[in-house]
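Taking it in order: structure first as structure tokens, then the write-up.
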Amino acid sequence: MKFALGVIFTAFSLHPVPVTVTEYQVVVREVTVEPPPLDTPIADSLVDVGEAERQGECLWWWMKGQGVEFTLNSVLAAGYWTDELGGACHLIGEDDE
């Protein structure tokens, strides 16, 4: 009798336990987003980019010829100084025609 009660008790107490399985999926998408165009006609008209690059290269040659050490402070100071004297290209004779 004890055996029968044990089997019945075990049958009622062991019910299936639900198993939860979680699966993760990683989705990678490559998206190209173009920034909105910045409409800055006034600011663009104030700077001649080609001339600024030319003056920067002339400043490099002038500083190299003078033997000035290239640091941020020396480049800024030399740039301001050469701009007051007509530009670095003028000082190295690049603007002479």
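None of the figures in this text is laboratory data; all of them are computed from the coordinates on show. Quick caveat: nothing in here was measured; it's all calculated off a predicted structure. All Cβ positions, even for glycine, are placed from backbone atoms using ideal geometry, and neighbour counts span all protein chains on display.
For region 22-27, putting each phi into the Karplus relation 6.51 cos²θ - 1.76 cosθ + 1.60 with θ = phi - 60° gives couplings of 10, 10, 10, 10, 9, 10 Hz, in residue order, rounded to whole numbers and with x for Gly and Pro.
Dipole size in debye (nearest 20) for the chain around its Cα centre, Lys and Arg Cβ +1, Asp and Glu Cβ -1? Could you put the intermediate results ahead of the total?
Details: 4 positive and 16 negative charges, 358 e Å.
Dipole size: approximately 1720 debye.
Modelled label positions at residue 71 and residue 23, each set 7 Å beyond Cα in the direction of Cβ, lie 6.4 nm from each other. Here the Karplus relation 6.51 cos²θ - 1.76 cosθ + 1.60, evaluated at θ = phi - 60°, turns the backbone of region 76-81 into coupling constants of 5, 5, 5, x, 5, 5 Hz, with x for every Gly and Pro.
Using only helices, what value at 222 nm comes out for the chain when you add -39,500 (n - 2.57) per DSSP H run of length 4 or more and divide by the total residues, to the nearest 500 deg cm²/dmol? Before the final figure, lay out each step's value.
Values: 5 runs with 53 residues, N = 97.
Calculated at 222 nm, the ellipticity per residue is -16500 deg cm²/dmol.
Of the listed values (i) 50; (ii) 27; (iii) 63, grab the one calculated as percent of Cα pairs over 23 Å apart from the structure here. Checked against the structure: label (iii). Its relative contact order, with pairs defined as Cα atoms under 8 Å and 6+ residues apart, puts the chain at 22 percent.
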